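Asks: My questions all concern the structure below.
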Amino acid sequence: MSETRTIRVDYLPRVEGEGSVTIRLEGDRATEVRLEIFEPPRFFEAFLRGRAAREVPDITSRICGICPVAYMMSACHAIEDGLGIRLTGALRELRRLLYAGEWIESHGLHVFMLHAPDFLGYPDAMAMAKDHGPWIRKGLRIKQAGNAIVALLGGREIHPINVRLGGFYRTPSRGELAVLLPELRWARDASAECASWASSFTFPAVARDYELVALRHPHEYPFCEGRVVSSRGLDLAVAEYDAHFVEEQVAYSNALRSRIVGRGAYLCGPLARFNLNFDRLSPAVQQLAESVGLTPPCTNPFKAILVRLVEITHAFEEAIRVIEAYEPPPAPYVDVPLRAATGFGATEAPRGLLYHRYSFDDGGTITDAKIVPPTSQNQLSIEDDLRALAPELIRIPHAAATRLAEQAIRNHDPCISCATHALRLRVERA
Amino acid sequence: MSRVRVVALGRLAAGDDGVGTAVLADLRRRGASGDLELLDLADAAHLVTILLESGRVVLVDAVVGTPPGRVIEPTPEELAVTPHPVALHGFGAGAAIALACALSSSALELQIVGVTIAPPVRPAIGLSPEVAASVPIAADRVLAVIGARRTLA
């Protein structure tokens, strides 16, 4: 009779939000894998209806404390798309700068505080700090450099308040931005060193057959703009997203989960961006990636920690580039006259593609909203990752198997609070 | 007197959780910022960096406890109330202090002034009457503890 084992983690540590996982193994096969998200649903899509379109960036930013900029940017782009408005020049560059700050903050916290302890065999960052203090210190300083960008441009570092449709309430002077440069240059170099350090970690030998999905822009590594592309040939305008991706609900999770219509699971996030946009990284960052053993195709989810460090370095390069070239815009925002429309926006949140769709009436009141965060899109792939690990999970001792399963989930830095922003509420009336 | 940094953590939009910020505002009103640097932090990860710099730190923070509005001097362990202290949104004061202790080669010069609050259940602007009444008492305690040097291993 083949061995059976059930791995259950009742409260996933070092992820954002509240979730658990159950894996039932029989022989070298997983017969059941359930990523159970029990954080209560938050109904954002429902209570956006009836609110003013101008409020949407600030309201949706409250979905997440670690990636509020992503929500603000996807919301702004969606509403501006409906109105045929496209920012150019300094305002567009400032949005990229703000987004770079958020990637640095979010990736920095994940790499050094949440994920590196897995690779080095520590239960948490506090235990790891005793032996690897200099790297933790570097990580904290790197994260703080990202916080400084968001604080300066966003008005404060958590839940920024300076973003509005059409731009910003206030734009910085050249001098205000230039103050950041010395620290950003230090942090860019430090991030590259950290990538070299992390390349010495032991990565479980896994190659997954993902369909990778990310934005792709003609010239840039994507933050705010681009077409939705996949490693199996999707190449869509953002407005076509709903025709190709579908959300569904399962009984054991409070989060909707996404599939590609007619195909199934897919993966968005750093690994997808890297594979689909390697040629859009700066030459120096491409060289860094190659020097740490990262070249596309890379479908080992455990190497996402390396990709995040490469992306942090790229984000610092991008921030420095924007600041060095910055000329303040003539006005902090362009006018956004509202009329009835439907608009679509997708940006690359730290964890992956973040899709928004809004319809609003002539008075600018939201009549319909749809938000699809990256963690919802990655849930099926996270469960498939655990299935792929089944032979290893059954082979090793239970405690080690539990740690490996947790680590595999953290590869994708899931944000459970984002994933539970919405739950379809069905009311049956007699 | 050498520099002393008084640090508040908390969110004004989380009701009584913002009591540290209110204590800092009280100290500013008193003009007590001469040798004091008053720092209002949004992200507890910054607290680690601050603790690792030289100089004394007085942390003012809300602590879940009863009855609400008591001014106490909690230990770092009493600030770490969650079973999983480091998560994306939950890098709390207790975790920050533990991390700073692990990273520091010498004892931290840290004192903590806490104000007990009921568990926050919903976003709210402003303090409850009992916690608001404790603000000047907590500010007095901050000024008092600055006179008593204590280190944290």
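Just so it is clear, none of the values below were taken in a lab; they were calculated from the coordinates. This one's a predicted model, so the numbers in the text were calculated from it and none came from an experiment. Because the Cβ atoms are built from the backbone with ideal geometry, glycine has one as well, and the counts that use them run over all protein chains shown.
Asks: Can you check what the net charge comes to around residue A:281, using other residues whose Cβ is under 12 Å from the Cβ of residue A:281 (Lys, Arg +1; Asp, Glu -1)?
Replies: Net charge in that neighbourhood comes out at -4.
Asks: Summing Lys, Arg as +1 and Asp, Glu as -1, what charge do residues with Cβ under 12 Å from the Cβ of residue B:24 carry, residue B:24 excluded?
Replies: 0
Asks: Something else about it: To one decimal place, what orientation-averaged projected area in nm² is obtained for the convex hull of the Cα set of the stretch A:47-125?
Replies: Value for the stretch A:47-125: 6.9 nm².
Asks: May I pose another question? Using a cut-off of 25 Å between alpha-carbon atoms, which lysines can reach residue A:138, once sequence neighbours fewer than 8 places away in the same chain are excluded?
Replies: Within reach: A:130, A:303.
Asks: Could you state the number of Å between the C-alpha centres of the stretch B:1-48 and the stretch A:301-330?
Replies: Centre-to-centre distance over Cα atoms comes out at 32 Å.
Asks: Using the Cα centre of the protein assembly as shown as origin and beta-carbon charges of +1 (Lys, Arg) and -1 (Asp, Glu), tell me which of A:230, A:205, A:394 is placed farthest towards the positive end of the dipole.
Replies: Of the options given, the answer is A:230.
Asks: Post the alpha-carbon centroid distance, the stretch A:65-117 to the stretch B:111-137, in whole angstrom.
Replies: 33
Asks: Taking neighbour Cβ counts within 10 Å as the exposure measure, how do B:77, A:102, A:318 sort from fewest upward?
Replies: Exposure proxy ranking, most exposed first: B:77, A:318, A:102.
Asks: Going by how many other Cβ atoms sit within 10 Å of their own, how do A:219, B:46, A:356 line up, fewest first?
Replies: A:219, B:46, A:356
Asks: What aspartates and glutamates could a cross-link reach from residue A:143, if we take a straight Cα to Cα line under 14 Å and drop same-chain neighbours fewer than 8 places away?
Replies: By straight Cα distance, residue A:143 reaches A:102, A:105, A:157, A:183, A:189, A:311, B:43.
Asks: Within a 10 angstrom radius of each residue's Cβ in A:103-110, how many Cβ atoms of other chains show up on average? Whole number is fine.
Replies: 1
Asks: While we're on this one: With a 10 Å cut-off between alpha carbons and a GNM built on chain A, which of A:60, A:202, A:342 moves the most?
Replies: Among A:60, A:202, A:342, the largest mean-square fluctuation in the Gaussian network model of chain A belongs to A:202.
Asks: Something else now. Given the C-alpha centroids of the stretch A:153-192 and the stretch A:375-399, what is the distance between them in whole angstrom?
Replies: 38
Asks: What is the Cα coordinate range of the stretch A:188-340 on the first, second and third principal axes, sorted by size from largest, in whole angstrom?
Replies: Computed over the stretch A:188-340, the largest-to-smallest principal extents equal 53, 45, 30 Å.
Asks: Note down the magnitude of the dipole of the protein assembly as shown about its Cα centre, charges +1 on Lys and Arg C-beta and -1 on Asp and Glu C-beta and zero elsewhere, to the nearest 20 debye.
Replies: About 300 debye.
Asks: What residues qualify as long-range amide H neighbours of residue A:51, i.e. H under 5 Å apart, gap of 5 or more or another chain, H built at 1.01 Å from N?
Replies: Placed amide hydrogens put A:366 under 5 Å from residue A:51.
Asks: Principal axis extents for the stretch A:44-419, Cα atoms only, whole Å, descending order, please.
Replies: Per principal axis, max minus min of the Cα coordinates gives 62, 50, 34 Å.
Asks: What's the local net charge at residue A:366, with K and R +1, D and E -1, over the other residues with C-beta under 12 Å away?
Replies: +1
Asks: Follow-up. Express as a percent, rounded to the nearest 5, the fraction of DSSP beta bridges in the protein assembly as shown (both residues included) that run antiparallel.
Replies: The antiparallel proportion sits near 70 percent.
Asks: From the helices alone, meaning DSSP H stretches of at least four residues, give me the mean residue ellipticity at 222 nm for chain B, per-run term -39500 (n - 2.57), in deg cm²/dmol to the nearest 500.
Replies: -10000 deg cm²/dmol
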